[in-house]
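Just below is one structure, and these are the notes that go with it.
The values are calculated or read from the model by the stated rules, or taken from the named source; none is laboratory data. All figures in this text were calculated on a predicted structure; none of them were measured in a lab. Positions of Cβ are backbone-derived with ideal geometry, glycine not excepted, and every protein chain shown enters the neighbour counts.
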Amino acid sequence: MNAYIKSIEYFFPETTLTNEMLANQFSDWSAKKIEAKTGIRTRHIAGDDVCASDLGVRAAKKLFDSGVIAPDAVDFLLFCSESPDYLLPPTACLMQDRLGIPTNSGALDFNLGCSGFVYGLSLAQALIFSEQAANVLLITAETYSKYIHPQDKSIRSIFGDGAAATLISSCKFGEVNKIGPFVYGTDGSGYKNLIVPFGGARNPCTDESSIAEEDQHGSVRSQENIYMNGPEIFNFAIKTVPVAVNDVLEKAGKSLEDIDHFVFHQANAYILKYLQKKIGIPKDKFHVNLSECGNTVSASIPIALKMILDEKKISSGDIVLVVGFGVGYSWAATLIEWS
Amino acid sequence: MNKVEFLNGLEEIMELDENSLAGTENLKDLEVWDSLAVLGFIAMIDNNFGLTLDVKKIMDCVSVEDLISLVSKYLED
């Protein structure tokens, strides 16, 4: 059976972090400057007692409430996050129970960041194509705010919490494949450039690892917080993404002109605009939708897709090229034909 | 891209007045040489020379002159 994206919903926590709030805290910044540099006006921040799974459950419930599918028709749950509820058990198992998804469904977590949505699509598509599932619920949810030091101004200005629930379903036999082909990429040599160094099995937390220090740019963090080497990530993105776009087009036998919409991982407006120019994508086909939510990691592509759908910018038959890239390094690209 | 255009590019990245950089400036004294300026610099080099510079080499630069020396062999006369 072939697969297509049947529906997308997203959910943000209520609390926001605006540029004005950041400018009040960091006196050398102005709200205008933050927006000019990042393209972001505000981000949503999960409360202390709210996990990525909670945001994911709310997004999935919106999907069920819309009437597009009932929980008992879901036969596979994929949960993509780097913020699990527990080290074990898998968060997807708890979510199956909370969402009322049948106990004869499959459910698994996978740990990916900004590339996660495209990998999730590939897993869902493969499960459906091999007739192991008919309705795959892909939940991509992240709460990076919990890993960010309150004094780390550069990272706080970029990331926001959020979740998306994407329903991938089988379509009638004989219809064209709606998702694919896929191209993938992995380069673990860059792992140190976007990392929470302590708190996992490699480096368990210690008294020292919680001590915060200031770096050369005035940002403060401990070894238990997210560290991001922005210039290295930028270098990685401008080297990798244009090649991935070219490769997926070549694999599909299409050219840039055949694509109706380009929805990249919404990293920040600066990277996105540079990639758009470098690849030579017409501005009106290239979507930047992060001003009201920031970089929501693996949820960013489906959130942007849903925003564009709500604006009625995508028509049936349109071809959308999506690329996820980031932490790992990990990246992937595919084409989605909208139906 | 020649040296003057390179300096003008740096001025644009750091939002300085045109032709205000002589090349001898210490980067530490330029408040606007922050991580976003580094991104702008990487973008300028990629855009003009198709070159990916080693980030560590950029971060090791002390002066504007050091930045120039990273690409001096590609600069036109």
Checking A:S300, A:S219 in turn, the sole residue that is modelled with pLDDT of 95 or more and assigned by TED's automatic domain parsing to the domain that holds A:D318 turns out to be A:S300
Being within 16 Å of A:L108 (Cβ to Cβ) and either surrounded by fewer than 22 Cβ atoms within 10 Å (Cβ to Cβ) or without any contact (Cβ under 8 Å) to a residue 40 or more places away in the chain (or both) is the filter here; which residues of segment A:136-173 pass it? none
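Scan segment A:94-111 and tell me whether some residue there is in contact with a Ser or Thr (Cβ under 7 Å, 6 or more places away or on another chain), among the hydroxyl-bearing types (S, T, Y) and assigned by TED's automatic domain parsing to the domain that holds A:P150.
Keep residues of segment A:94-111 that are in contact with a Ser or Thr (Cβ under 7 Å, 6 or more places away or on another chain), which gives A:94-96, A:109.
Filter once more, keeping what is among the hydroxyl-bearing types (S, T, Y): none.
Among the residues of segment A:94-111, not one is in contact with a Ser or Thr (Cβ under 7 Å, 6 or more places away or on another chain), among the hydroxyl-bearing types (S, T, Y) and assigned by TED's automatic domain parsing to the domain that holds A:P150, which makes the answer no.
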Pairs where the first residue, in segment A:80-100, is more than 27 Å from A:I301 (Cβ to Cβ) and the second is exposed (fewer than 12 other Cβ atoms within 10 Å of the Cβ) and β-branched (V, I, T), C-beta under 9 Å, 6+ apart: A:D97/A:T103
Of the numbered conditions (1) in contact (Cβ under 8 Å) with a residue 40 or more places away in the chain; (2) of a type in the set (V, I, T); (3) over 26 Å from A:L78 (Cα atoms), A:V263 fails exactly one; give the number of that condition. (3)
Of a type outside the set (D, E) and at pLDDT below 90: does that describe B:S63? no
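Answer yes if at least one residue in segment A:72-81 is surrounded by fewer than 18 Cβ atoms within 10 Å (Cβ to Cβ) and either part of a loop (DSSP other than H, G, I, E, B) or modelled with pLDDT of 95 or more (or both), and no otherwise.
Filtering segment A:72-81 down to residues surrounded by fewer than 18 Cβ atoms within 10 Å (Cβ to Cβ) leaves A:72-73.
Now drop any that are not either part of a loop (DSSP other than H, G, I, E, B) or modelled with pLDDT of 95 or more (or both), which leaves A:72-73.
Yes, some residue in segment A:72-81 is surrounded by fewer than 18 Cβ atoms within 10 Å (Cβ to Cβ) and either part of a loop (DSSP other than H, G, I, E, B) or modelled with pLDDT of 95 or more (or both).
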For A:E20, are the conditions met, namely being outside any loop (DSSP other than H, G, I, E, B), surrounded by fewer than 20 Cβ atoms within 10 Å (Cβ to Cβ), within 14 Å of chain B (Cβ to nearest Cβ) and not hydroxyl-bearing (S, T, Y)? no
Output the qualifying pairs, or none if there are none: Cβ atoms under 7 angstrom, residues six or more apart or on different chains, first residue in segment B:47-76 and touching a residue at least 60 places away in the same chain (Cβ under 8 Å), second residue assigned to a helix (DSSP H, G or I). B:I68/B:K3; B:I68/B:F6; B:V71/B:I45; B:V71/B:F49; B:Y74/B:F49; B:L75/B:K3; B:L75/B:F6
Which one of these is out of contact with any helix residue (DSSP H, G or I) (no Cβ under 6 Å at 6 or more places or on another chain) and either without any contact (Cβ under 8 Å) to a residue 40 or more places away in the chain or of a type in the set (A, V, I, L, M, F, W, C) (or both): A:I301, A:I281, A:I226, A:I314? A:I281
Complete set of residues in segment B:28-49 that are more than 9 Å from chain A (Cβ to nearest Cβ) and either modelled with pLDDT of 90 or more or within 22 Å of A:N193 (Cα to Cα) (or both): B:W33, B:A37, B:M44, B:I45, B:N48, B:F49
Count, please, the residues in segment A:1-36 that happen to be within 21 Å of A:D48 (Cβ to Cβ), in contact (Cβ under 8 Å) with a residue 12 or more places away in the chain and not polar (S, T, N, Q). 6
Return yes or no: is A:I8 surrounded by 15 or more Cβ atoms within 10 Å (Cβ to Cβ), assigned by TED's automatic domain parsing to the domain that holds A:G160 and outside any loop (DSSP other than H, G, I, E, B)? yes
Residue by residue through segment A:42-64, note down the ones that are touching a residue at least 12 places away in the same chain (Cβ under 8 Å) and over 18 Å from A:F159 (Cα atoms). A:V57, A:R58, A:A59, A:A60, A:K61, A:K62, A:L63, A:F64
From (1) more than 19 Å from A:L112 (Cβ to Cβ); (2) hydroxyl-bearing (S, T, Y); (3) in contact with a strand residue (DSSP E or B) (Cβ under 8 Å, 6 or more places away or on another chain), pick out the condition that doesn't hold for A:Y227. (1)
Find the helices (runs of 4 or more DSSP H) located wholly in segment A:230-328 whose residues include 1 or more that are within 14 Å of chain B (Cβ to nearest Cβ), and list them. A:230-252, A:269-279
Within segment B:50-69, of all residues that are assigned to a helix (DSSP H, G or I) and either more than 23 Å from A:Y274 (Cα to Cα) or of a type in the set (D, E, K, R) (or both), the one farthest from the other protein chains (Cβ to nearest Cβ) is B:E65
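Among the residues of segment B:12-24, which ones are surrounded by fewer than 17 Cβ atoms within 10 Å (Cβ to Cβ) and either in a helix (DSSP H, G or I) or among the charged types (D, E, K, R) (or both)? Break it down stepwise before answering.
So the first thing to find is which residues in segment B:12-24 are surrounded by fewer than 17 Cβ atoms within 10 Å (Cβ to Cβ), and the list is B:12, B:15-20, B:22-24.
Of everything in segment B:12-24, those that are surrounded by fewer than 17 Cβ atoms within 10 Å (Cβ to Cβ) and either in a helix (DSSP H, G or I) or among the charged types (D, E, K, R) (or both) turn out to be B:E12, B:E15, B:D17, B:E18.
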Right, A:A52: under 23 Å from A:V288 (Cβ atoms) and either surrounded by fewer than 20 Cβ atoms within 10 Å (Cβ to Cβ) or under 19 Å from the mean Cα position of the chain (by Cα) (or both) or not? no
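The rows are residues; the columns are (1) basic (K, R); (2) farther than 21 Å from A:S169 by Cβ; (3) buried (at least 23 other Cβ atoms within 10 Å of the Cβ).
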position	(1), (2), (3)
A:A252	no, yes, no
A:D260	no, yes, no
A:Q276	no, yes, no
A:N289	no, yes, no
A:T296	no, yes, yes
A:V322	no, no, yes
A:Y329	no, yes, yes
Mind listing just one residue for me: the one in segment A:213-229 that is farther than 21 Å from B:L39 by Cα and either hydroxyl-bearing (S, T, Y) or assigned to a loop (DSSP other than H, G, I, E, B) (or both) and, of those, nearest to the other protein chains (Cβ to nearest Cβ)? A:N225
